[in-house]
């Protein structure tokens, strides 16, 4: 089989998953932009395709392209026939007027994002996937599942396979095995097409969401920032879970931000998106479950003045699917010994050993990784200081808590904590950047604009009407706070004027 044919078949498998995702996500993506719908369709389709493959394996049917295609078509047809479309958070009725220079700047940022994505596309597809993590566990598990037409128990029970991280979720290996079923063979180069597709979906979700909620400029800025994260979108990450995981984090933040919108209420579409995003994120990496739980906690706090039913429903939608996934994985693999972590450090007799280790890890992070990125971190800090609060700001503590959990995990590593920091910290932190770009982009449309947390009247089930944080499309808007704007930027303008 030629490489062109292998790529064509892998692309067919990806388009099949996308088509099934379109049918499945149609029920809960009403009112979103087309770019957002495309991102949700891909993520939902990957879940559907993985589930169809597992069904065929459970029935002891050898997965082939025709079998998977028929089963996914049956699922999509059943959803289209019996499913009911739910209206979600709507798109703006009319586009905000922007000046010519802003429109030109948006086009330039879009071109920059496309060029950066094309660079990643060419790099990812120009060679077979060679990352260590791909060879050791993500690709290894996928190849075993494909060649054995099943999920062998030895993947979880064989002591010789400790290196394969038996406790890791299986969505990436199963997705690679599903695409290999369409190809007809295990082709390390053709299967890499999954990663540029996930990167493109991430950029589409960023730009589409922020254009709908804030402004077109905000979406373009976030997409351009994420596309330039070359440490994430590089050929070395093809074959790992980092690129799809970044998509999952973005979708969780987008779904949670829509659910926290004052007029969202208990809309079924918003709840469904929370559930799908939480499940997709948890099925990719273990820390995806942690991130979903942290976002749920942020939602609970932000909606503390909302009706209790709405708060409980939103948090449950984000927490229950990852919990069920963990339970199902536990039943499949059983209790796994944590070889990577020294859990005895959490015992009372060793509590005094923890602070020095945590201090050592934090010193390494600040002394090496943070110092190398000092200019970028300083620019982000200055930007956050100068701009007004955005609609995604309630999630800033989530990213801080995630980083704190990473620091603790490195501190209790069974191996040298310094080796863990040097080998994995930057790679896993970069997966957070596209989601953090949402926070940065959301502040573009609120630079100098008024924004406040909605106040709920406990006698009523609806919040008071307030303008959305992204109603102003001007970068230097003076909507509130006097003739010089509001907040720190307003004080600076007032000082300059005086």
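Every number in this text was worked out from the coordinates using simple rules, so none of it is lab data. None of these values were measured; they are calculated from a predicted model. Cβ sites come from the backbone with ideal geometry, for glycine too, and all protein chains shown count toward neighbours.
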For this session: Please give the contour-minus-distance gain from residue 1 to residue 316: 0.36 nm per residue of separation, less the Cα-Cα distance, rounded to one decimal in nm.
Result: 108.6 nm
Seminar exercise, completed: Label model pair residue 12, residue 350: point-to-point distance (7 angstrom along the Cα→beta-carbon line) in nm is 5.4 nm
Problem set entry | Tensor-based shape of segment 141-207 (alpha-carbon gyration tensor, a/c under 1.5 rounded, otherwise prolate or oblate) | oblate
Exercise. Given that compact globular proteins tend to follow 2.2 N^0.38 Å, what is the ratio of the alpha-carbon Rg of segment 92-235 to that value?
Worked result: 1.35
Seminar exercise, completed: Contour minus Cα-Cα span, residue 427 to residue 375, at 0.36 nm per residue, comes to 16.9 nm
Seminar exercise, completed: By the mean-Cβ-within-10 Å protection proxy, highest first, 205-213, 301-309, 402-410 rank as 205-213, 402-410, 301-309
For this session: Quote the FRET efficiency, to the nearest 0.05, computed for residue 396 versus residue 416 with a Förster distance R0 of 51 Å and r equal to the Cβ-Cβ distance.
Result: 0.95
Exercise. Between residue 368 and residue 228, how many nm apart are label points set 7 Å from Cα along the C-beta direction?
Worked result: 2.7 nm
For this session: Subtract the Cα-Cα distance of residue 34 and residue 135 from 0.36 nm times their separation in residues, and report this length gain in nm to one decimal.
Result: 32.8 nm
